[in-house]
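Every number in this text was worked out from the coordinates using simple rules, so none of it is lab data. Model, not experiment: these values are computed from the prediction. As a convention, Cβ positions derive from the backbone with ideal geometry for all residues, glycine included, and neighbour counts pool all protein chains shown.
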Amino acid sequence: MGQFVCEICGDEFEQKSRYERHMQTSHPRQAVSAADIERALRGVAFPKERSELIEAIDDDNREVRGIVERLPAREYRDAAEVARAFGELRSHQKLPDNQPSKTGGERAMQAPSAARFASLFAGMEFPASRDELKAHARTRASDEEMQTLERFGEHTYDSMAEVTKELARVS
């Protein structure tokens, strides 16, 4: 019986160097992926500075933590920006500034969210007029959201889908 036993397949080795070579060739460790980083950051409320992201990663996840430590020191708005920075780090190339995660993120920060509007109208009875939409949302909507509602057309909305279309039109 060998002194070194592979925990994965049960092969036995007399020499540690052969055991280590077996582990590297037969059962190589996968490189950290963007999905691994996203999984390690699950539940993190963005935006966060790099230092805050590092603190959010469990101590037992050293490889992911090491990669996040090498990311540029700045504020990250969402997991997509972290993945983008990881891609730049991995490829050693700065990606163009018009990447979908960046442009989409900027647009999303400026435009009212359809999901947010849907939550404002939870329990709303349709059909509803613009004034009824405003009255229903008034207690929960921000000033900006109320201003967006002011730009809605003065007609009857038969469903939340129609409200979403109108939101896209006025945004």
Please give the peptides 137-149, 72-84 ranked by average Cβ packing (other Cβ atoms within 10 Å per residue), highest first, as a rough proxy for protection. 72-84, 137-149
Can you report the principal axis dimensions of the stretch 112-170 using only the alpha carbons, biggest first, rounded to whole angstrom? 24, 23, 19
For a Förster distance of 22 Å, can you work out the FRET efficiency between the beta-carbons of residue 36 and residue 75, rounded to the nearest 0.05? 0.50
Which ordering of 5, 68, 32 is given by a fewest-first count of other beta-carbon atoms within 10 Å? 5, 32, 68
Determine, at each q value in 0.17, 0.20 (inverse angstroms), the log₁₀ of I(q)/I(0) that the Debye formula gives when each Cα of the chain is one equal point scatterer. -1.01, -1.13
Grab the eigenvalues of the alpha-carbon gyration tensor for the stretch 1-86, scale each by 5, take roots, and send me the semi-axes largest first in whole angstrom. 37, 11, 11
Magnitude of the Cβ-charge dipole of the chain, K/R +1 and D/E -1, about the Cα centre, nearest 20 debye? 480 debye
If I model a spin label as a point 7 Å beyond the Cα along the Cα-Cβ vector, how far apart are those points for residue 124 and residue 62 in nm? 5.3 nm
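For the chain, what does -39500 (n - 2.57) per DSSP helix run (n ≥ 4), summed and divided by total residues, give at 222 nm, in deg cm²/dmol to the nearest 500?
Numbers: 10 runs with 92 residues, N = 171.
-15500 deg cm²/dmol, from helical runs alone.
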Under 5 Å between amide hydrogens, which residues at least 5 positions from residue 129 or on another chain qualify, with H placed 1.01 Å from N in the peptide plane? 157
Considering only the other residues whose Cβ falls under 12 Å of the Cβ of residue 41, what net charge follows from Lys and Arg at +1 and Asp and Glu at -1? -2
